[in-house]
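Enquirer: Right, I'll just put the structure down here and ask away after.
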Amino acid sequence: MLPPSLTLCSALLKECAEAGNLASLQRIIQVREGLGFDQDAYCFTARIAAAGKAGDAQAVRQAFEDACKQNDSTVAVCNAAIEALSRCGDVEGAISLYEEQMRSANIAPDIVTFNALIRSAGRSKRPDLGEKAMSWFSALCQLGLRPDKYTFSAFFNTAYHCRLTDGTFLLHILSEIAHHGVRLNSRIMFTFLQSAWGAQFTREQVVRVFAEVAAMRAQMQPDRSVFAALLIFADRQGVPEHALDVWEALQQDATTPDAYLFSALFSACAAGRTPDLLDLAAKAEADMHVRWSSQKSQPRHLQHKQDWLIAYNALLNLHAKSGEASAAEAVYQGMLHNGPKPDSISVNTLIAAHAHVGDSNAAFNRFREMSAMGLRPNQGTYGSLLHCCAQIGNHKSAARVMQMMRSAGIRPTVEAYTSLMDACVKANTPDSLAQAFQVFDDMQQESVAPTAVTYGCLLVACEQLGDVERAFRLYKQACDRGIVPTDECHNILINVCAATGRVDEALELVKELARSHRAMQAASLNSVARALAAHNVARALRMVSFMTTLGLPTYHDTTITLIGACARQHRAAEAEELYWGVRKRGMLVTRSAGSDLIVALCKAGWAGKALKVYRDMMASAWGSSTGAAKHLQPGSGQQKAAPLLQACSDACSKAPAASTHAGVHGHADAAHNGATGYCQSVNEHGGPDAVTGLPLQRQKALSHSKKQKGQPILIPHIAAVGALVGALARSGDLNTALELYAQVGRDKAGAERLTMMDRSMWQSLLETCCHTGRVATALQVFDDWKAHVSQMEEAGVELAQLPRLSNATLAFLESCCRGEHEWRVFDVCAAMRQQSERKRQATLARPRKLSHHFLDGEE
């Protein structure tokens with residue numbers, strides 16, 4: 001056995017300090033004192049470090065006081081005390097030691113001091129100390145100290161835990177690494193990306209982050225943690241499509257994916273859910289099954305198995321959000337048989353998957369199996385069941401789930417109450433709507449604070465009941481409680497007011513709210529503009545002008561609503577200007593709005609402008625754009641992520657999200673055109689003939705395919721095509737009119753509808769053909785008209801509803817037939833007599849109206 005010595009005691013002090021073994025350290029100090037050595041700065045540092053590792057804040061303070069009494073409070077002792085106090089949770093004491101005691105003792109801090117201070121702020125997880133960490137970093141630079149790799153990793157870790165959202169500052173700190181001669185490593189890059197998850201970046205700055213990772217890859221190979229953090233960054237920053245490039249870079253570096261990487265990838269794919277991302281997820285799923293099968297039999301730490309369970313839960317979540325309940329069920333069954341063993345989160349996610357598709361039976365079956373698996377339902381379980389009931393509007397089952405939740409001793413949350421109210425509102429019966437308001441009263445009695453979504457459900461109930469007064473009371477109540485209503489709430493309230501003729505009152509209320517909550521102005525004023533468009537388009541246009549003056553954006557669906565409103569209210573010039581403004585921004589106009597514009601331009605006598613709009617709509621439907629910039633459509637299968645891990649600088653600007661208000665065109669157009677308010681994709685690859693567009697049968701096929709894929713239908717309505725044919729004929733452009741007419745004729749059902757809706761097209765064609773001496777063409781149009789009318793008569797259309805051509809038009813055609821087409825005169829005259837006879841028969845079929853001069857029972 002070695003005899004005690006100073007060197008041996010010092011080595012043992014270091015070991016005890018690192019292990020946090022305070023009792024053994026005290027005995028070594030006693031042995032050291034027995035050798036004739038008093039405690040020095042090294043002993044005090046070891047005592048403080050051991051006490052900090054042990055979590056004994058009182059022992060840390062006592063050791064530091066002893067050091068001060070012996071004048072051994074060196075910078076190393078102070079640094080150890082700051083680190084130890086922050087480990088014990090006494091962050092304020094650590095800061096006070098630096099700001100008061102070190103300064104009063106004239107102890108100059110070094111880089112280790114600032115590293116310890118920055119770490120202490122991170123351990124506190126207090127947002128207010130994030131600003132202090134930034135000031136400490138600036139202070140050490142001003143003192144001429146040189147940050148090291150521990151400084152940068154500590155700062156980024158603190159930025160993450162203290163929720164620093166200044167992305168510009170984070171990028172500035174990252175750029176300082178090379179300036180201070182510190183080599184970037186995986187630990188620093190991981191902590192930076194972690195801090196960037198919740199930070200605010202512009203699109204250009206997001207691209208720069210990926211460029212920084214690309215530059216790092218050129219110097220060294222990042223480890224798995226960097227790729228996983230980058231996947232999460234892509235998800236959190238709204239660019240999940242870049243996960244494709246991250247995974248490709250990972251494979252290029254021959255990095256073996258682990259559970260953490262798989263879970264990060266599935267989370268990013270769940271956020272994007274584009275076809276390319278789903279294909280990548282399917283390949284990764286197969287790879288993950290293979291890797292889990294090869295590792296599950298090996299003895300592993302419990303945390304390792306937990307990581308794989310998290311990855312499988314992320315996969316379940318991906319299938320749930322994609323609406324693939326069967327795929328989620330298959331993954332779950334595989335977990336039951338091959339592991340990892342499902343937990344309550346797994347079952348909750350599977351229930352949510354069934355809830356997403358409205359399969360309540362499967363959801364409740366999984367719920368009943370939980371007890372047999374030894375799993376206890378939690379708040380998330382009952383929340384998923386309530387959401388399932390809300391999806392299908394089963395308020396009775398939702399009420400039973402809420403009762404089970406209370407019986408289990410789980411206090412219902414605001415989400416649970418809101419789901420129950422949502423189920424009641426979707427049931428849409430007088431009793432269920434009354435129950436929704438009763439649930440709201442119970443919620444308030446339980447002191448559960450409602451959210452904007454809660455008030456949105458109640459406003460929908462008011463809309464269904466037509467109760468404007470209650471809707472206003474709820475709206476004002478939400479504002480008084482400091483709850484910012486969503487744009488959907490504004491839409492519902494304004495819809496209720498518009499239906500009852502109280503648009504002005506809604507306008508004043510929302511304008512007052514906009515003045516007090518600036519962040520709501522854009523959403524509120526857009527909602528008002530859309531509501532005004534249905535009643536007074538001039539006021540709606542003034543509202544848009546006012547928004548432009550304030551620098552507020554006009555949402556896409558607001559502009560679409562205004563285009564349709566202007567067109568229907570005979571303001572074709574304003575509608576056309578709005579239309580081309582939308583197209584120049586690379587966005588699409590809905591089918592209804594574009595069709596209304598074509599009709600308005602035709603009525604205004606601007607056939608050329610109407611034809612230009614028609615061509616543009618057909619080009620967009622075919623896949624090309626006339627004078628429009630190319631944009632990427634979120635969720636499009638054709639969307640390809642820009643090269644991610646390259647130093648690229650191009651960034652797409654994201655349009656402000658608008659409400660899902662269907663506008664004055666109704667919910668049908670909203671269903672056809674997807675979520676209004678987002679930029680629609682405009683692909684630029686060759687299209688049809690610029691004059692005629694697509695054949696009508698091809699148009700129908702295209703419409704059907706686009707409807708199946710969830711893409712917007714852009715082909716103008718048949719009424720707009722008919723108005724355009726008539727306007728072109730009247731303007732003298734007979735060749736183009738006949739080309740469009742030929743396309744209409746190929747769609748028999750559409751031609752019959754057009755015959756019922758717009759006889760002016762037929763009359764204009766007939767008269768223009770006769771005026772230009774094209775009598776044979778006029779007779780062909782006349783024959784088409786007769787055929788459509790005969791088919792309608794055979795189909796049982798009442799005589800009074802059968803369309804008729806004017807006698808003047810038929811007389812003009814009859815006079816033009818004399819000579820070369822003499823034999824057709826009899827057909828035209830017969831048609832005139834047949835129309836007269838139908839009119840007479842329809843008159844005889846109407847019941848005789850009794851004179852008001854006769855009393856009851858008298859004649």
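Enquirer: Collect the residues in region 359-412 that are of a type in the set (D, E, K, R) and more than 15 Å from A436 (Cα to Cα), keeping them in residue-number order.
Expert: D359, R366, R368, E369, R376, R406, R411
Enquirer: Take V528 and tell me if it is among the β-branched types (V, I, T) and at pLDDT 85 or above.
Expert: no
Enquirer: Of A830, A808, A787, which residue is part of a helix (DSSP H, G or I) and closer than 19 Å to V744 by Cβ?
Expert: Only one candidate passes the filter, namely A787.
Enquirer: Among the helices (runs of 4 or more DSSP H) lying completely within region 261-366, list those that include at least 1 residues that are acidic (D, E) and over 26 Å from V401 (Cα atoms).
Expert: 275-295, 302-321
Enquirer: Restricting region 602-618 to residues that are assigned to a helix (DSSP H, G or I) and free of Cβ contacts under 8 Å to residues at least 40 places away in the same chain, which is nearest to the chain's Cα centre (by Cα)?
Expert: My answer is D616.
Enquirer: Mind checking which residues of region 371-386 are in contact (Cβ under 8 Å) with a residue 24 or more places away in the chain and either touching a Leu at 6+ places or on another chain (Cβ under 9 Å) or farther than 11 Å from I345 by Cα (or both)?
Expert: Of everything in region 371-386, those that are in contact (Cβ under 8 Å) with a residue 24 or more places away in the chain and either touching a Leu at 6+ places or on another chain (Cβ under 9 Å) or farther than 11 Å from I345 by Cα (or both) turn out to be M373, P377, T381, Y382, G383, S384, L385, L386.
Enquirer: Okay, next question. If you take the residues of region 100-123 that are at pLDDT below 90 and part of a helix (DSSP H, G or I), which of them is farthest from the chain's Cα centre (by Cα)?
Expert: In this case the residue turns out to be S104.
Each row is one residue, and each column tells you yes or no for (1) modelled with pLDDT of 85 or more; (2) loosely packed, with under 15 Cβ neighbours inside 10 Å.
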residue	(1), (2)
L740	yes, no
D747	no, no
Q763	yes, no
L779	yes, no
A800	no, yes
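Enquirer: Scan region 568-584 for residues that are more than 18 Å from L541 (Cβ to Cβ) and surrounded by fewer than 19 Cβ atoms within 10 Å (Cβ to Cβ) and jot them down.
Expert: K584
Enquirer: Evaluate the following for V439: is it among the β-branched types (V, I, T), closer than 24 Å to M402 by Cα, assigned by TED's automatic domain parsing to the domain that holds I392 and surrounded by 19 or more Cβ atoms within 10 Å (Cβ to Cβ)?
Expert: So V439 passes the test.
The values are calculated or read from the model by the stated rules, or taken from the named source; none is laboratory data. If you're wondering where the values come from, they're calculated on a predicted model, not measured in any experiment. Neighbour counts are summed over all protein chains in view; Cβ atoms, including those assigned to glycine, are modelled from backbone coordinates with ideal geometry.
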